[in-house]
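Here the structure is laid out as structure tokens; the discussion comes afterwards.
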Amino acid sequence: MSTRQHSSLTAAQKRSLCEAKEKTPNLTYNELAKHYQIGRSTVSDILKEKTQKKKFRGPKWPKLEEALGLWVDNALAMYQDIDGNILKEKAKFFAEKLNIDDFGQSEGWLSGFKKRCGLRSFKKHGESASAPSEESMANDRAKLQQLLSDYELRDIWNADETGLFWKMEPARTLARSQIAGHKKEKARVTIFCAINASGTEKMKLSFIHKYKAPRAMKNLNYNNLPVYYFWNKKSWMQVNIFNDILVKLNNKMRQQNRNILLLVDNAPVHIILDETLEELNNIRVEFLPKNTTAFLQPCDAGIINSFKCKYKQLFVQNRINAYDDLQNGITKKLSEYNVYHALLNAAEAWAMVTPETIINCWNKTGILPPQEEEMQIDYNQDNIEEILKDEEDDLENLIVQLSETDLLNAREYICIENSEIEGSLTDDDILEAIADENEDEIEQSNSEINEKVSCTKAEIALDTILKFLYEQDEDFGEVEEDSKILRRLHRRILRDIITNLARIHSKKYLHRDLHSGNILLKENYDAYITDLGLSKPLDEEEQEEHIHGVLPYLAPELFQKQKYTQASDIYSFGIIMVEMTTGQRPFNNYKFDIDLVIKIYNGLQPKFGPGIPDCYIELANQCMDSDTKKRPKSKSDEINKKLPTIKESLKNVYISKAYNLTEINKSLSKLKISKPVGTVEVPNF
């Protein structure tokens with residue numbers, strides 16, 4: 001008889017089992033079954049369930065449900081009562097407007113719609129204008145202190161969202177009235193932030209914009225942005241976005257093997273879906289008592305105020321600089337401020353919110369349990385007010401530098417979004433919003449499209465920054481760590497290139513046209529060798545009158561009709577190594593003609609940029625050695641060991657050309673050259 005204890009695994013245990021199998025694929029089903037005290041067949045079922053994609057039946061009328069979903073968001077934001085009959089009638093209205101003839105107002109459809117939108121109750125809830133009594137507040141604080149007493153300060157979190165007019169200047173006329181031509185000045189985004197009670201951690205901001213792919217953000221990899229980017233037609237917080245953010249925070253805590261408590265308010269869209277709830281094994285979400293967030297929520301106690309103040313300081317300074325540049329003739333037109341600038345400034349402003357501000361705002365609410373004496377942080381009501389007042393004064397000093405008249409003061413400017421009424425969409429607004437799923441950013445149709453950065457521009461920028469760092473004196477501070485980051489950027493590209501070249505060589509092929517123009521990016525910024533149009537098998541006899549390629553990258557032995565070998569590809573790699581230290585095309589100051597061929601044959605090599613380590617120069621010179629036998633092999637670790645990983649690569653464009661070997665050899669024979677005469681000395685900066 002088996003002595004195994006039968007047990008039922010929790011969702012967390014099932015996830016742990018799947019992760020164990022992913023990390024250690026050699027684990028057998030028997031080993032997993034023994035560890036988790038379950039049957040082998042149960043292990044198999046769990047792993048199969050993990051790999052199978054859940055089938056999801058989408059809505060039959062997606063446009064209708066999109067319109068109705070916007071209407072529900074709008075109604076909830078306005079704290080309107082909704083019931084099933086109202087939903088059915090509104091759905092019927094949108095079906096008629098969208099020319100949907102087969103829509104049926106069945107209970108089955110209603111149930112499915114409610115589930116897809118996360119609607120469990122249609123009774124209005126949230127924050128009302130009535131303030132709780134002092135006795136009620138005292139009870140609520142006591143309950144929260146008891147709730148939080150089981151957690152360390154670093155594991156107690158609060159999150160909230162706020163609207164932000166991301167390019168509104170502090171002009172009173174623009175802020176207080178709807179003037180024709182100024183509608184875009186009130187362009188809005190929603191910002192969602194989360195912080196812990198110890199002031200030591202902030203979640204990356206969530207930035208909710210109106211457009212899926214703004215012109216100013218074309219070619220950007222959104223995964224690399226300093227914020228989480230979301231979008232919807234009205235740039236609102238929505239149920240699905242709120243749930244996505246919770247999952248992101250949970251994943252972060254799971255990676256750190258932590259369990260946290262997250263306090264949020266009772267906003268209508270703060271609904272946790274069933275499928276999300278199953279994933280929240282590292283987060284316990286608790287809702288603050290109704291009508292208390294203005295008193296008990298740390299984000300509302302000054303943290304959001306500090307963020308907005310910092311953001312608007314950055315924005316106003318940007319506009320001051322833009323107006324000055326225009327007035328001084330540096331620019332011919334006022335430089336625009338687009339959503340990409342707003343996104344970067346929002347991330348920077350969030351980083352500028354200090355731990356002192358965060359801690360004082362938590363303490364101001366009075367919801368934290370008493371701490372041990374050594375962990376207590378002195379709190380003074382005047383302290384947080386003084387901090388916020390100093391920040392407002394800094395903003396005020398910037399506002400007065402603007403040339404406009406009738407300006408808002410700093411306090412009015414920071415709080416301008418507070419008077420905003422979220423919602424107020426008409427039915428026509430909703431129908432217009434869903435009219436075109438691929439709607440471009442109409443209000444910025446004249447904005448410049450963000451062009452993809454070329455390899456040359458990136459390298460020149462890196463080289464310029466490195467030179468800037470090397471020119472600084474002691475007052476600037478230590479630059480070694482900064483320069484290391486930039487140099488690692490170069491080495492990551494080289495590692496990717498040599499890895500790809502090794503794969504080509506392992507298949508007994510030659511690339512025969514390796515240069516930086518054939519180094520391209522995937523979406524994750526890894527570099528890949530492309531354009532194998534001139535590649536040939538290693539053992540193919542080569543009897544050609546021409547060699548093809550980009551002159552600076554061609555190995556010198558090719559000019560004497562020697563056969564193209566893998567060592568010739570390695571020479572090209574060495575030239576790329578030099579190019580990446582300067583950001584300029586090799587031999588950029590030379591004319592690409594027979595004279596340059598002769599110089600290369602005689603050992604001319606491009607010069608390295610400044611600040612390059614000796615080991616890097618040594619490896620590049622080895623790759624460019626005139627003796628093909630002394631060049632390293634792509635398949636060996638000889639190169640890879642010397643190229644630590646970094647994260648980015650971009651492309652450059654060159655045009656391959658055919659060079660007549662007979663003409664080259666005639667020129668070489670006139671000079672009576674029989675072999676290379678050495679290499680040009682490379683300065684070691």
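Any read-out appearing in this document is the output of simple, stated calculations on the displayed coordinates, not a laboratory observation. Bear in mind the structure is a predicted one, so any value in this text is a computation, not a measurement. Cβ placement follows ideal geometry from the backbone for every residue including glycine, while neighbour counts extend to all protein chains displayed.
Close amide H contacts of R284 (hydrogens built in the peptide plane, cut-off under 5 Å, sequence separation of 5 or more or a different chain): I260, L261, L262.
Take every Cα pair under 8 Å whose residues are at least 6 apart in sequence, average their separation, divide by the length of segment 194-302, and the relative contact order is 21 percent.
Averaged over residues, the count of other Cβ atoms within 10 Å places the peptides 160-169, 85-94 in the sequence 160-169, 85-94, highest first.
The modelled label-to-label distance for the pair S335/F103, using points 7 Å beyond Cα in the direction of Cβ, is 4.8 nm. With θ taken as phi - 60° and the Karplus curve 6.51 cos²θ - 1.76 cosθ + 1.60 applied, the whole-hertz 3J(HN,Hα) list for segment 249-255 is 5, 4, 4, 4, 5, 5, 4 Hz, x standing for glycine and proline.
For segment 62-117, the share of alpha carbon pairs falling in successive 10 Å distance bins from zero is 23, 61, 15, 0 percent. Database remark: amide H of A194 closer than 5 angstrom to the amide H of M203 (H placed geometrically; neighbours at sequence offset of 5 or more, or on other chains; Pro and chain starts carry no H). Its alpha carbons considered, segment 146-419 gives a radius of gyration followed by a Dmax of 19.6, 63 Å.
Annotation: amide H-H contacts under 5 Å for L408 (H modelled 1.01 Å from N, sequence separation of 5 or more, or interchain): A171, R172. Backbone N atoms of segment 560-598 closer than 12 Å to the 7 Å Cα→Cβ label point of K607 belong to residues 587-589. Between A294 and F592, the contour length at 0.36 nm per residue exceeds the alpha carbon distance by 100.2 nm. When you restrict to C-alpha pairs under 8 Å that are six or more residues apart and normalise by the size of segment 62-117, the relative contact order lands at 41 percent.
Give the shape of segment 550-613 as rounded, prolate or oblate, defined through the alpha-carbon gyration tensor: a ≥ b ≥ c are the square roots of its eigenvalues, a/c under 1.5 means rounded, and otherwise the shape is prolate if a/b is larger than b/c and oblate if not. Oblate shape, in that a/c is at least 1.5 and b/c is the bigger or equal ratio.
Place a +1 charge on the Cβ of each Lys and Arg in segment 146-419 and a -1 charge on the Cβ of each Asp and Glu, then give the dipole magnitude about the Cα centre in debye, rounded to the nearest 20.
1840
Packing, as the average of other Cβ atoms within 10 Å across residues, places the peptides 396-402, 202-208, 471-477 in the order 202-208, 396-402, 471-477, highest first. Scalar couplings 3J(HN,Hα) for segment 287-303, obtained by applying the Karplus form with A = 6.51, B = -1.76, C = 1.60 to θ = phi - 60°, are 9, 5, x, 4, 6, 10, 4, 5, 10, 10, 9, x, 4, 7, 8, x, 5 Hz; x denotes Gly and Pro.
Projecting the Cα atoms of M352, L262, F242 onto the charge dipole of segment 146-419 (Cβ charges, centred on the Cα centre) puts F242 farthest toward the positive pole. Only one residue of G302, P370, A159 has its Cα farthest out toward the positive end of the dipole of segment 146-419, where Lys and Arg carry +1 and Asp and Glu -1 on Cβ, and that residue is A159.
For the set K63/K167; K484/K607; K233/K310, the pairs lying more than 23 angstrom apart at their alpha carbons are K63/K167; K233/K310. In sequence order, segment 36-45 has phi-based couplings of 9, 6, 9, x, 4, 5, 5, 4, 4, 5 Hz under the Karplus curve 6.51 cos²θ - 1.76 cosθ + 1.60, θ = phi - 60°, and Gly or Pro positions carry x.
Please sort 550-560, 330-340 by packing, taking for each peptide the average over its residues of neighbouring beta carbons within 10 angstrom, highest first. Don't skip to the answer; put the middle values down first.
Details: 550-560: 21.6, 330-340: 14.3.
By packing density, highest mean first, the sequence is 550-560, 330-340.
Estimated from the Cβ-Cβ distance and a Förster radius of 30 angstrom, the FRET efficiency linking E286 and E19 is about 0.65. Around the Cα centre of segment 11-51, unit charges on the Cβ atoms of Lys, Arg, Asp and Glu (plus for the first two, minus for the last two) sum to a dipole of about 20 debye. Spin-label model, L9/V400: points 7 Å from Cα along the beta carbon direction are separated by 6.7 nm.
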